[in-house]
Each structure stands twice: as structure tokens, then as C-alpha cells.
Amino acid sequence: MNDHDPKLSRVLKIWKHDPAPTPDFAKTVWSRIDAPTQAPAPSFCAQLVHFPARLPLAASFAVLLAVLAGTGAGLALNHSRATDHMAAAYVRSIDPLQMTDASNASHSSHS
Amino acid sequence: MKTFARLSLLALAVAALAFGLTHWLAPHPQTPADEITWLTSEFHLTTAQTAAIEKLHAAYDPVCMEHCRLIRETRTRLISLKTSTPRDAAAYAAAEAEMTHLKGICHDATQKHLEAVAAQMSPAEGRRFLVLTLPKLSAQSHDAPLDPR
């Protein structure tokens, strides 16, 4: 079967392409091959500034919960210690044994 | 899995940092100037409960002062018996026994006072009050060695 297009054949025979000469063509090609394919990694400061935006939603919630839990635990411990301190002071103020021990200790230190 | 492990570690580290900063840098709760104010705020007392506890304190004060006086007298007697020459062993033993008995009475009286104060509070707060205060009473076993100081 002959599917040659005579018109296309005629065009292809007479078509010529003469590219403009590029003296450093090879060098350009090699430098493009050697160039990094991705953008340089952002600096640490740039990463830190954009940290929240890069953090996925679930991770953000986890960090927020961790902050709340840690802060809550710290406050609870502080309150517990203050309560314990006040309870000890209250008992000292009504316990004759501790009151006399305390006054005895202060007399010994002054003598 | 790796991401989950990293996220867990990050959350733990953040929680620990938040805890540390809060515990060491946050201003500690102000302790009230007097015990009644502390009792009222800490155990959520009503005005009536506060008034009842103030009455208990007023009634207990003379008892406490009397016990303090007796303890000091007995201690003074013990010290003088211990340092006297010749040492009167029988008198010293009697004074020691009296001191032990006195300390037991003081301990019981203070414990009863704490229980009376707790009874004025709501049941849950009263239990919490006793859990906080009873362990802080000076432990007095009748078998404990005496310290005449």
C-alpha cells in the first residue's frame, strides 16, 4: 500500500534548518545538566519563621495539648506544694508539742 | 510510624518544657496571712462554717496554752533532774513517765480538735483536710524514746 503524501515529501526534501552558531553551546548544556534541579534548602531561621505554617494540623494540636498539659501540671504542683506548706503551718500553730519544740529551738540558738 | 514517633517525642519534650518553665518561673500561689483565711479559701467554707471553726479555735486556744505550759514545766524538771548530782533515778523516771503521758494527751487533744474542725466542713472537704493535716501532727507513741529537750 502506498500512503506517501507527495506534497509532504516535496516539502521535506526542500526544507532546511540552519541554526545560529553558539560558540559555548556544549558548555551551556553541561552547566544546565550540572545545575541543581531543586531550589536550595532554606536556612534554619527561614524554617523557624515558617514553622507553624509548615506544621500539619494534627501536629499543631498535639503541640498545643502538650503545652496545656505541661503548664497545667506545673501549676497543679505549685498549688499542691503551697497547700502542703500551709497545712504544716496550720498544724504547727495548734500543736503544743511542735510549738514548744519551736520555742525550745529558738531559745537554744539564742543561748 | 516514624512520623508518629517523632511527633510523640516532640509533644513530650514540649510538655516537659512547659512544665519546667511553669514550675520554676511562675509565681507561686500566695499563701494567706492567717490560717482562717487559708481554711476558708482552700476548703471552700461558707460564712457559717468559717464562724463555727473560729469558735472552735477560740475554745481550743486556752487548752493549747495550758498544754504548752505543762510541757515546758515538765521539760525543765527533766533537764534539772538529769543534770543534778547525785541523780535521783526514781524522780527522773517519774518525770519521764509524766512527759510521755502529757505528750499523749496533747496529741489526742490536737487530733480531736482537727476532727472537730473537719466536721464543720462538707464531708469531702473534711476528709481532704484530715488527709492533709493529720500526718503533720507530731507523732507521739507511748513507747517512743523521750527527749527532755
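The values are calculated or read from the model by the stated rules, or taken from the named source; none is laboratory data. Fair warning: this is a prediction, and the values are worked out from it, not measured in the lab. All Cβ positions, even for glycine, are placed from backbone atoms using ideal geometry, and neighbour counts span all protein chains on display. Heads up: the accessible areas ignore ligands, DNA and RNA and are worked out on the full protein's heavy atoms, side chains in. Shrake-Rupley method; radii C 1.70, N 1.55, O 1.52, S 1.80 Å.
Put a dot 7 Å past the Cα of A:L57, heading toward its Cβ, do the same for B:E98, and the two dots end up 8.1 nm apart.
Interface A/B, total buried accessible area with a 1.4 Å probe, nearest 100 Å²? Provide the component values of the computation, followed by the final result.
On the way: alone 10690 and 10660 Å², together 18100 Å².
The summed interface area works out to 3200 Å².
For chain B, hydrophobic long helices are taken as DSSP H runs at least 20 Å long by C-alpha position along their axis with mean Kyte-Doolittle hydropathy of -0.5 or more; these are B:2-25, B:47-83, B:89-120. Taking only the alpha carbons of chain B, we obtain Rg and Dmax values of 24.4, 83 Å in that order.
Roughly how many percent of the accessible protein surface of the stretch B:34-136 is carbon and sulfur, given a 1.4 Å probe and a whole-percent answer? Carbon and sulfur: 62 percent of the exposed surface of the stretch B:34-136. Shown for the stretch B:34-136: lysine pairs separated by 8 or more places, or found on different chains, whose C-alpha atoms are under 22 Å apart, numbering 5.
Surface exposure of the stretch B:34-136, expressed per residue as accessible area with a 1.4 Å probe, stands at 54 Å².
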